[in-house]
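I have placed the structure first, in the form of structure tokens, so that the comments after it can refer back to it.
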Amino acid sequence: MARILVLDDEPAMLENCRRILASMGHEFTGVTEPEAALAILDRDRPDLLLTDLRMPAMDGLELLGRARAIDPERPVVMLTAFATVESAVAAVKAGAFDYLAKPFSVDQLKVVVERALAQRKLAIENRNLRAQLQGAYGFENIVGNSAGLRQVLEAVRKAARSEASILVMGESGTGKELVARAIHANSRRASGPFVPVDCASLPEALLESELFGHEKGAFTGATSAKQGLIELANRGTLFLDEIGELPRNLQVKFLRVLQERQLRRVGGSRQIDLDIRIVSATNRDLRT
């Protein structure tokens, strides 16, 4: 059961929505005044708002903006008897989930409500997942009180807010992957994948295919196309552990990934665009 708020200056429309939403098992609240709706949004935090687009006291787009300021994840569905392409585009651009023209059928309302509530559920699940990730890989879980560690954590906090490529240096066992995961979990990419690659453990003969992927027929046994680990990290973070072990021929190919955020699969001719954050780690002196 969801809590749904409906704002419309026509009592008959409120009653119609009440009957339909009650038949779906949802809790209904109906109001005719925009200020009353805003108070309920702020106080009771309903799961979904259905609002008229044209009202005497306040324009529906203004109400939409104020509702999203209270809770940007709560879906808003606009209702109007004056449906035009322009008003629909304006509503969606302003952040409306969907748009229903009056008069609408029972099925039309039910479908839109179900879709909006599904989006609301997904948004809450993603928010909870990000909170769990930040709890598991929060800076407070990197234990230590030394001045050096405090400097490292401050650098990590700044790095998490940026999109820069990161190199983490330190001896084995000092928590380089934990730092990489903390950067990811506290960045805007936290809801995307974190893909770790141990450059030292993958056989050199397979490393290129594992990293870049391959097309069907690229080599004996390549019976189908396959995404590589770099591509799987799209919209997230690619963590290259012990990058100092990456063979030199692959370093050259990896340069395009670093500079252009593009790759070409083994046996392929097409450049694939990437949206990835790259974090690397090493226990070696790379300058040497």
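The values are calculated or read from the model by the stated rules, or taken from the named source; none is laboratory data. Values in this document were obtained by computation on a predicted structure and should not be read as measured data. Every residue, glycine among them, receives a Cβ derived from its backbone with ideal geometry; neighbour counts consider all protein chains shown. Heavy atoms of the whole protein, side chains included, go into the accessibility calculation; ligands, DNA and RNA do not. Shrake-Rupley method; radii C 1.70, N 1.55, O 1.52, S 1.80 Å.
Considering every Cα-Cα pair within region 1-72, what fraction, in whole percent, is farther apart than 13 Å?
61
Set the Förster radius R0 to 22 Å, insert the Cβ-Cβ distance between E27 and K110 as r into 1/(1 + (r/R0)^6), and round the FRET efficiency to 0.05.
Rounded to the nearest 0.05, the efficiency is 0.90.
From largest to smallest, what semi-axes in whole angstrom does the chain give when each is the square root of 5 times an eigenvalue of its alpha carbon gyration tensor?
Calculated on Cα positions only, the semi-axes equal 50, 24, 15 Å.
FRET efficiency for I70 and S224, Cβ-Cβ distance as r, R0 = 51 Å, nearest 0.05?
After rounding to 0.05, the efficiency reads 0.55.
Residues of region 185-201 with backbone nitrogen within less than 15 Å of a virtual label 7 Å along the Cα-to-Cβ line of L232, please, listed as ranges.
193-199, 201
Hey, which of these cross-link pairs are over 28 Å Cα-Cα: K121/K216; K158/K226; K226/K253?
Violating the 28 Å Cα-Cα cut-off are K121/K216; K158/K226.
Go through region 40-130 and name the GluC sites (Glu not before Pro) that are in a DSSP coil and have 16 or fewer other Cβ atoms within 10 Å of their Cβ.
E73
Hull surface divided by four, with the convex hull built on the Cα atoms of region 150-269: how many nm²?
The Cα convex hull of region 150-269, projected and averaged over all directions, gives 8.1 nm².
If you roll a 1.4 Å probe over the heavy atoms of the protein chains, what accessible area per residue do you get for the chain, in Å²?
For the chain, the per-residue accessible area is 54 Å².
Please list, ordered by chain and number, the residues whose modelled amide H lies under 5 Å from the amide H of L167; skip anything fewer than 5 residues away on the same chain.
S280
Across region 1-122, what fraction of all alpha-carbon pairs, as a whole percent, falls in each successive 5 Å bin from zero upward?
Final binned percentages: 2, 12, 25, 28, 22, 10, 1.
Would region 60-118 count as rounded, prolate or oblate if I go by the C-alpha gyration tensor, calling it rounded below 1.5 in a/c and otherwise prolate when a/b exceeds b/c, oblate otherwise?
It is oblate, given that a/c is not under 1.5 and a/b is not larger than b/c.
Length gain on complete extension for the stretch T174 to R45, per 0.36 nm per residue less the alpha carbon to alpha carbon distance?
42.0 nm
Modelling each spin label as a point 7 Å along the Cα-to-Cβ direction, I'd like the R161/R261 distance in nm, to one decimal.
Roughly 2.0 nm, to one decimal.
Go ahead and run the numbers for FRET between A205 and L153, Cβ-Cβ distance against an R0 of 35 Å, rounding to 0.05.
0.35
Kirkwood Rh and Cα-based Rg: tell me the resulting Rg over Rh for region 204-278, rounded to two decimals.
Taking Rh as the inverse mean 1/r over Cα pairs, Rg/Rh reads 0.94.
Per-residue ellipticity at 222 nm for the chain, helices alone: DSSP H runs ≥ 4 residues times -39500 (n - 2.57), over residue total, nearest 500 deg cm²/dmol?
-14000 deg cm²/dmol
Nearest 5 is fine: what % of DSSP beta bridges in the chain come out antiparallel, could you say?
10
Which ³J(HN,Hα) values in Hz, rounded to whole numbers, follow from the phi angles of region 96-108 under the Karplus curve 6.51 cos²θ - 1.76 cosθ + 1.60, where θ = phi - 60° and Gly and Pro get x?
Running phi through 6.51 cos²θ - 1.76 cosθ + 1.60 with θ = phi - 60° gives 5, 6, 7, 8, 10, 8, 7, x, 10, 7, 4, 5, 4 Hz.
Probe 1.4 Å, all protein chains in place: accessible area of K253 in Å², nearest 10?
For K253, the solvent-accessible surface is approximately 90 Å².
Convex hull volume of the Cα atoms in region 164-231, per residue, in Å³?
112
Determine how large the accessible area of S201 is when every protein chain is in place; take a 1.4 Å probe and give Å² rounded to the nearest 10.
Number for this one is 80 Å².
Using a 1.4 angstrom probe with every protein chain in place, what is the largest-first accessible-area order of M78, M13?
M13, M78
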